[in-house]
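Since the structure comes first, as structure tokens, the remarks are kept for the end.
The values are calculated or read from the model by the stated rules, or taken from the named source; none is laboratory data. Here the structure is a predicted model, which means the values were calculated and not measured. As a convention, Cβ positions derive from the backbone with ideal geometry for all residues, glycine included, and neighbour counts pool all protein chains shown. Accessible surface areas use protein heavy atoms only, side chains included; no ligands, DNA or RNA. Shrake-Rupley method; radii C 1.70, N 1.55, O 1.52, S 1.80 Å.
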Amino acid sequence: PEDRSPPRWPVKVDVRYGIAREMIVGEGLDINHKGIGFRGDQAYPVGTKITLEFRFSHAGTHWIRTQAVVRRSEGREIGAEFLGLTEAEEKEITQLIRNELAVRREEAW
């Protein structure tokens with residue numbers, strides 16, 4: 001089947017994830033308004049529902065907390081799809097990605 005998910009952007013994202021109260025620190029690899037790729041010390045099987053918190057490194061933003069489901073798990077790398085985000089939350093994530101990419105462009109100069 002054709003992959004219809006939007007592209008993920010390689011931006012710096014702080015990540016915490018886990019099940020119940022056990023939260024593990026991870027490192028974001030890429031993100032879009034539908035999901036995130038990250039690296040962490042605790043792997044979960046595909047299909048596992050996890051709690052996920054993330055924030056954009058440069059923006060000094062608040063932590064965004066959501067439920068997610070593991071869609072890919074290879075070694076320490078996990079791909080997760082966000083669950084239950086509102087349209088407003090998806091727009092906020094998109095704007096934060098744009099802000100982060102703009103900061104990176106400015107730093108490159």
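Descriptive notes on the structure:
- For the range 6-28, the tally of residues that are at negative phi, part of a strand (DSSP E or B) and either basic (K, R) or open to solvent by less than 80 Å² (accessible area, probe 1.4 Å) (or both) stands at 10.
- Residues (open to solvent by 10 Å² or more (accessible area, probe 1.4 Å) and either of a type in the set (K, R) or without any contact (Cβ under 8 Å) to a residue 40 or more places away in the chain (or both)) located in the range 47-65: G47, T48, K49, T51, E53, R55, G60, T61, H62, I64, R65
- Counting residues in the range 50-62 that are in contact with a Gly (Cβ under 7 Å, 6 or more places away or on another chain) and at pLDDT 95 or above gives one or more.
- Residues (open to solvent by 10 Å² or more (accessible area, probe 1.4 Å) and in a strand (DSSP E or B)) located in the range 29-46: L29, D30, R39
- In the range 89-109, the residue that is nearest to K34 (Cα to Cα) out of those that are open to solvent by 80 Å² or more (accessible area, probe 1.4 Å) and not hydrophobic (A, V, I, L, M, F, W, C) is K91.
- Residue in the range 70-88 that is surrounded by fewer than 16 Cβ atoms within 10 Å (Cβ to Cβ), in a helix (DSSP H, G or I) and aliphatic (A, V, I, L, M) present: yes
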